[in-house]
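Have a look at the structure below, then the notes.
The values are calculated or read from the model by the stated rules, or taken from the named source; none is laboratory data. Everything numeric in this text was worked out from a predicted model, so none of it was measured. Every residue, glycine as well, gets a Cβ built from its backbone with ideal geometry; the counts of neighbours run over all protein chains shown. Please note that ligands, DNA and RNA were not included when accessible areas were found on the heavy atoms of the full protein model with its side chains. Shrake-Rupley method; radii C 1.70, N 1.55, O 1.52, S 1.80 Å.
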Amino acid sequence: MQANGAGQGQESSELSCLNSAQNGESSSAGGTHSNGLLSSTDNGNSVGTSNGSSAGPGTGTSATSTASSSEVGSLKKKKRLSQAEEDVIRLIGQHLHGLGLNQTVDLLMQESGCRLEHPSATKFRNHVMEGEWDKAENDLNELRALMHSPNAIVRMKFLLLQQKYLEYLEDGKVLEALQVLRGELTPLKYNTDRIHVLSGYLMCSHAEDLRAKAEWEGKGTDSRCRLLDKLQTYLPPSVMLPPRRLQTLLRQAVELQRDRCLYHNTKLDNNLDSVSLLLDHVCSRKQFPCYTQQILTEHCNEVWFCKFSNDGTKLATGSKDTTVIIWQVDPESHQLKLLRTLEGHAYGVSYLAWSPDDTNLIACGPDDCSELWLWNVQTGELRTKMSQSHEDSLTSVAWNPDGKRFVTGGQRGQFYQCDLDGNLLDSWEGVRVQCLWCLSDGRTVLASDTHQRIRGYNFEDLTDRNIVQEDHPIMSFTVSKNGRLALLNVATQGVHLWDLQDRVLVRKYQGVTQGFYTIHSCFGGHNEDFIASGSEDHKVYIWHRRGELPIAELTGHTRTVNCVSWNPAIPGLMASASDDGTVRVWGPAPFLDTQEADGLNENCSNMDS
């Protein structure tokens, strides 16, 4: 490296910013490098001398130093590095130092004329890593003038003394630890709650007990590095770079590219080793579930509903032909095979709900249906057929998270909570229910009603509150896994996304044709980043959750698409049910030549433009 640096006289002069040369600062004394950082070992050899320092004969170091001195005059005449260029050099230097390439860092700082961090910060870092707490406290006085917030000194001193206290305790020096607690930490009058917690550690009987209760790594490099990471947050980056800053920036860049990728539908991995930094991230549309994999034709009339089980291994479809069909999903090929048919729903099946453990399935009919069927999916047996009154309309259902209760209702004013045998546990009078959902708290039931709103009902204390108010009828809705977002199909308006916590309309998705038919949309993909909905124009529309325009239009159905369900366990698998009597299963493009894949009949229209 030295030979290369010495042989690049004119080139290196173009890269110099001469910060250290101009302000006349030198590196710290002792075992530090010219970059100001502690020496370390590289490949088992001591790396304690800095480039440009005196060395034995025959090393060529003196020649390099002399050459560098002779170039100072010409360096000053050259264009200085911009602030951005200096920042990049410092980031690279920090990263190389983390890899233990300290000689390389020395040469980089020497050639560029930059410094990795302020000399006062270097002294502070070294004293912290060596556990010289009194010297580290004195260093804070030097750093005070370089800091934006004077209050930060108190916080930094607290962190230093806390580490000092814990190390004394681990070493069994209880009296010294007590002195730190009473004579140094307490007088700071900062974070008294934490001081009370620290005082409790005096009762720890041994070092392992202390480390466990304090959730602390113990005296040594690991805990002191973690301490430095916390301390660095109070120092300006011009004084000391935040820890692992280059890795942080690269990770943010990768995450941003993924966020902007319309078709990213794989598990997020924040490990930089899992991606290439040499190319921009991009997912092909052919990896996205917008190609017909299967057409299920076993129903003999309109298919009104479809829903994958919570574990993604089965699909249930309900039809006007009075049957529910359970399909098994092959874990390898993702092909669906008919498992069993559940018959006898005289009015047809317009809604289905899987129990939380997927052992039971509830089927509801259209508006004029007063009955509800609860099936054991594993055995195919009808467990309960519930009907409170022939005048009821039970068109929607939702399971309580405990799997022992469910709520059901309809537009004629019925709103019941029942057990698995169909026994009525509670009822709410006068609520004309269009759609239902149970939140994960086990108490709150969301219900859309004929007043174009969604309200939250608590069956325990019999309270209710308004959450969503629309200007048009809410035909159906579904809720994200975390319970934060609701996806509404609104008559004549289309698909709307609401934030249930802030009670605000987040987004209106464009493209879908929604009249007064009941169409069911869904969240889907990894992290539920996508939204899919059927439409009266015979298409399936897919949006990225953060964009109003569709990223894909799936064609193939010949009549209204009533329902779409995205497999919760296989992000590349989706199903749609239509009045044309078929269920289409969508997946990535088959393994064909690129031109062949582009020419598929049942295609995914590219909406990027």
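Tabulated results
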{"item": "Sole residue being open to solvent by 60 Å² or more (accessible area, probe 1.4 Å) and either modelled with pLDDT under 90 or more than 31 Å from the chain's Cα centre (by Cα) (or both), chosen from THR297, THR317, THR323", "result": "THR297"}
{"item": "Test: residue in the range 360-382 that is at pLDDT 95 or above, farther than 25 Å from LEU462 by Cα, among the polar types (S, T, N, Q) and outside any loop (DSSP other than H, G, I, E, B)", "result": "yes"}
{"item": "Pick from the range 406-430, criterion open to solvent by less than 10 Å² (accessible area, probe 1.4 Å) and of a type in the set (Phe, Trp, Tyr), ranking: farthest from GLY456 (Cα to Cα)", "result": "PHE406"}
{"item": "Of all residues in the range 365-397 being in contact with a His (Cβ under 9 Å, 6 or more places away or on another chain) and not aromatic (Phe, Trp, Tyr), the one that is nearest to ASN423 (Cα to Cα)", "result": "GLU371"}
{"item": "Of all residues in the range 334-358 being in a loop (DSSP other than H, G, I, E, B) and either free of Cβ contacts under 8 Å to residues at least 24 places away in the same chain or of a type in the set (Asp, Glu) (or both), the one that is least open to solvent (accessible area, probe 1.4 Å)", "result": "ASP358"}
{"item": "Qualifying residue in the range 522-544 (condition: of a type in the set (S, T, N, Q), under 24 Å from GLY318 (Cβ atoms) and open to solvent by 10 Å² or more (accessible area, probe 1.4 Å))", "result": "no"}
{"item": "Strands (runs of 3 or more DSSP E) contained entirely in the range 431-510, each with at least 3 residues that are open to solvent by 50 Å² or more (accessible area, probe 1.4 Å) and closer than 19 Å to GLY409 by Cα", "result": "463-469"}
{"item": "Residue match in the range 556-567 (condition: surrounded by 24 or more Cβ atoms within 10 Å (Cβ to Cβ) and farther than 26 Å from VAL397 by Cα)", "result": "yes"}
{"item": "Test: residue in the range 490-504 that is among the aliphatic types (A, V, I, L, M) and without any contact (Cβ under 8 Å) to a residue 24 or more places away in the chain", "result": "yes"}
{"item": "Qualifying residue in the range 387-396 (condition: of a type outside the set (Ser, Thr, Tyr) and within 22 Å of ASN458 (Cβ to Cβ))", "result": "yes"}
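Listed here are the residues, each with its yes/no results for (1) among the polar types (S, T, N, Q); (2) over 18 Å from ARG224 (Cα atoms); (3) out of contact with any Lys or Arg (no Cβ under 8 Å at 6 or more places or on another chain).
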{"position": "GLU111", "(1), (2), (3)": "no, yes, yes"}
{"position": "CYS114", "(1), (2), (3)": "no, yes, no"}
{"position": "ALA121", "(1), (2), (3)": "no, no, yes"}
{"position": "VAL128", "(1), (2), (3)": "no, no, no"}
{"position": "SER149", "(1), (2), (3)": "yes, yes, yes"}
{"position": "MET156", "(1), (2), (3)": "no, no, yes"}
{"position": "LEU161", "(1), (2), (3)": "no, no, yes"}
{"position": "TYR168", "(1), (2), (3)": "no, no, yes"}
